[in-house]
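In what follows, a structure is listed as structure tokens, so that the remarks can point back to it.
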Amino acid sequence: QAKQSGKNRYCRFDAQLDREQRARRSLSQAVIEGIEREELRLYLQPRVELASGRIEGAEALVRWRHPTRGLLAPGAFIPAIENDEAIVRLGDWVLERALALLTDWTRQGRDWLVSVNVAPRQLLDPTFPRQLEERLARYPDAAPQRLELEIVESSALDAGLGIEQLMTQCRALGVRLSIDDFGSGYSSLAYLKRVPAHAIKIDQAFVIHLLDETDDSRIVEAVLELARTFDLHCVAEGVETLEHGEYLLRLGADVAQGYGIAHPMPQADFTNWALRWQHPSQWARWRDTLTN
Ligand code: C2E
Ligand code: MG
Ligand code: MG
Ligand code: MG
């Protein structure tokens, strides 16, 4: 009797796993088709120097203009495809678009950088650096120094051997590397030693509670201290208010990114946003408060 029900449970569990696997596979297939049908969009979120208000560049964040479900944020499809070939295809698409964007900016006389999110799965391919090199060669007006690869600290990367080597090879091409969502993983310190990064991005989860009386503010302080020790550029994500920005500047953060400056916007809107931001009347309140 007990054996029987146990077996049934096992079968049900199995069937559910199978359903989930099939759903993931079809989502991956749908993303690949979405790329081919040109349904993906690059959104940009500004990164701004806290001390001066100068625009450092932008992070490229993908959106999917789905034919029936509307505009999808990455949370709706990226986590489910992160271990599939589809994330590699998506990553390739984003890199191409980022290099085309840098080319446009160069021609407009802009020196902004663009950062792109690189999934662990992309880095598990040992040919990634060579492909990146070929891609950079196809965009001679996109300086590698203005492309930043954001790599999230993750156990997936820990499992892959040779990641440090891959990162070192990418760095040798001249691109910048940053550790995304810093502080959210379990191995942040080990990462600093292993990954030849230029910058860290403090996870927005810590920044959002910065002003509350929580341990989060001490974590941010400790992270900034680390950044100084290792001579790393420090970007704070999730900066939602002026008060956050002000506090982060006092603690020694270099750059802010967050809704308090701008939400991610369609690529085509970025230059206009920049013109407005640079207009003194628009950012004076930031500059004045931050530098006085
Ligand atoms: P992320 O790289 O840490 O990106 C930052 C996320 O925080 C973005 O969400 C952004 O819209 C959001 N954010 C920015 N400022 C604020 C703020 O002030 N408050 C709050 N609460 N949130 C803020 P988004 O665009 O939904 O992206 C979510 C995640 O999806 C990204 O996190 C990244 O891990 C992933 N992702 C996005 N685009 C790509 C991509 O092209 N490739 C890969 N592999 N992953 C991507
Ligand atoms: Mg990121
Ligand atoms: Mg992040
Ligand atoms: Mg994140």
Item to complete: Output the qualifying pairs, or none if there are none: Cβ atoms under 6 angstrom, residues six or more apart or on different chains, first residue in the range 84-95 and modelled with pLDDT under 95, second residue in a helix (DSSP H, G or I).
Response: Asp84/Ser28
Worksheet item: Quick check: anything in the range 99-107 away from ligand 3 (no atom under 16 Å from the Cβ), in contact (Cβ under 8 Å) with a residue 24 or more places away in the chain and not in a helix (DSSP H, G or I)?
Response: no
Worksheet item: For the range 192-222, which residues satisfy the criterion of being open to solvent by less than 10 Å² (accessible area, probe 1.4 Å) and either under 21 Å from Leu147 (Cα atoms) or within 15 Å of ligand 4 (Cβ to nearest atom) (or both)?
Response: Ala199, Ile200, Lys201, Ile202, Val207
Worksheet item: What do you reckon, is Ala143 under 20 Å from Thr271 (Cα atoms) and open to solvent by 10 Å² or more (accessible area, probe 1.4 Å)?
Response: yes
Discussion item. For the range 26-49, check the following and say yes or no: at least one residue is surrounded by fewer than 12 Cβ atoms within 10 Å (Cβ to Cβ) and modelled with pLDDT under 95.
Written reply: yes
Discussion item. Going residue by residue through the range 67-81, is there one that turns out to be among the basic types (Lys, Arg) and within 18 Å of the chain's Cα centre (by Cα)?
Written reply: no
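The values are calculated or read from the model by the stated rules, or taken from the named source; none is laboratory data. The shown structure was predicted, so the numbers you read here are calculated from the model rather than taken from an experiment. Cβ sites come from the backbone with ideal geometry, for glycine too, and all protein chains shown count toward neighbours. Keep in mind that these areas ignore ligands, DNA and RNA; they rest on the heavy atoms of the full protein, side chains included. Shrake-Rupley method; radii C 1.70, N 1.55, O 1.52, S 1.80 Å.
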